[in-house]
Amino acid sequence: MRKCLDGIITILMIIMFLVVIISVIFRIFLNISASWYIEMTQICFIFLTFIGSAVCMEDESHIKISLLVNCLNKRTQRVFRTIGRIFMITFMFFFIISSYKNMLFNWTVRFITLNWMTIGYVYLVLLISGIIMIFYISKNIYYDIFSKRASFSKLDGES
């Protein structure tokens, strides 16, 4: 799944890059105003943000403040990480439910300049990324409970 998500992120970055290049060419060299590129780059940015956030959940490469937890012994660290992850899963359930409701509500609402795309697709990506985040958080909880090593030991330099 990680390779697939990395591929999607790469494609989105390429699309975003090309759209910005095309918009510069249109505006500066051809003197043509193209308003669709703003919405397209915003959509790509939203997709990149949430798909990237889901990818960061796998190896916990997201921003975190672990100063107090790092002062504790390894067993207590695992307990606190597990409790924190349970809170994250609880939040993600509300996130998924809200994304689903917004997706249904906005499924037929079209963007102004991109008539082929509806706002519902944006919420669909939020829904899918939330499900992927719950999967990775659950996987990390499993590793913390049933494994001898911490789930993010490769990041903290543990062995």
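Which count do you get for residues in segment 99-126 that are of a type in the set (S, T, N, Q), surrounded by 13 or more Cβ atoms within 10 Å (Cβ to Cβ) and touching a strand residue (DSSP E or B) at 6+ places or on another chain (Cβ under 8 Å)?
2
Checking the conditions here, which among 86, 96, 145 is touching a Leu at 6+ places or on another chain (Cβ under 7 Å) and either of a type in the set (A, V, I, L, M) or at pLDDT 85 or above (or both)?
Result of the check over 86, 96, 145: 96.
If you take the residues of segment 28-39 that are assigned to a helix (DSSP H, G or I) and hydrophobic (A, V, I, L, M, F, W, C), which of them is nearest to residue 115 (Cα to Cα)?
36
Only one residue in 21, 14, 25, 65 is outside any helix (DSSP H, G or I), among the β-branched types (Val, Ile, Thr) and more than 20 Å from residue 126 (Cβ to Cβ). Which one?
65
State yes or no: is residue 96 among the aliphatic types (A, V, I, L, M), crowded, with 16+ Cβ neighbours inside 10 Å and either assigned to a helix (DSSP H, G or I) or touching a Lys or Arg at 6+ places or on another chain (Cβ under 7 Å) (or both)?
yes
Please list, ordered by first then second residue, the pairs with beta carbon atoms under 7 Å, 6 or more apart or interchain, first in segment 120-131 and over 11 Å from residue 50 (Cβ atoms), second crowded, with 20+ Cβ neighbours inside 10 Å and of a type in the set (Asp, Glu).
none
Any idea which of (1) surrounded by 16 or more Cβ atoms within 10 Å (Cβ to Cβ); (2) at pLDDT 90 or above is the one residue 151 doesn't satisfy?
Here residue 151 clears every test but (2).
I'm checking my understanding of the structure. Among residues of segment 98-115 that are among the aliphatic types (A, V, I, L, M) and in contact with a Gly (Cβ under 9 Å, 6 or more places away or on another chain), which one is nearest to residue 131 (Cα to Cα)?
103
Would it be correct to say that residue 109 is of a type in the set (Val, Ile, Thr) and either over 30 Å from residue 20 (Cβ atoms) or in contact (Cβ under 8 Å) with a residue 40 or more places away in the chain (or both)?
No, not satisfied.
When you check residue 134 against the structure, is it within 19 Å of residue 10 (Cα to Cα), touching a residue at least 40 places away in the same chain (Cβ under 8 Å) and surrounded by 13 or more Cβ atoms within 10 Å (Cβ to Cβ), yes or no?
no
Pull out all pairs, ordered by first then second residue, where Cβ-Cβ is under 7 Å, the residues are six or more apart or on different chains, the first lies in segment 10-25 and is closer than 9 Å to residue 41 by Cα, and the second is aliphatic (A, V, I, L, M) and in a helix (DSSP H, G or I).
Sorted first by the residue in segment 10-25, then by its partner, the pairs are 19/40.
Out of curiosity, is residue 9 assigned to a helix (DSSP H, G or I) and surrounded by 13 or more Cβ atoms within 10 Å (Cβ to Cβ)?
Here the answer is yes, as residue 9 does meet what is asked.
The values are calculated or read from the model by the stated rules, or taken from the named source; none is laboratory data. A quick note: this is a predicted structure, and the numbers were derived from the prediction, not measured. So basically every Cβ, Gly included, is an ideal-geometry build from the backbone, and we count neighbours across all protein chains shown.
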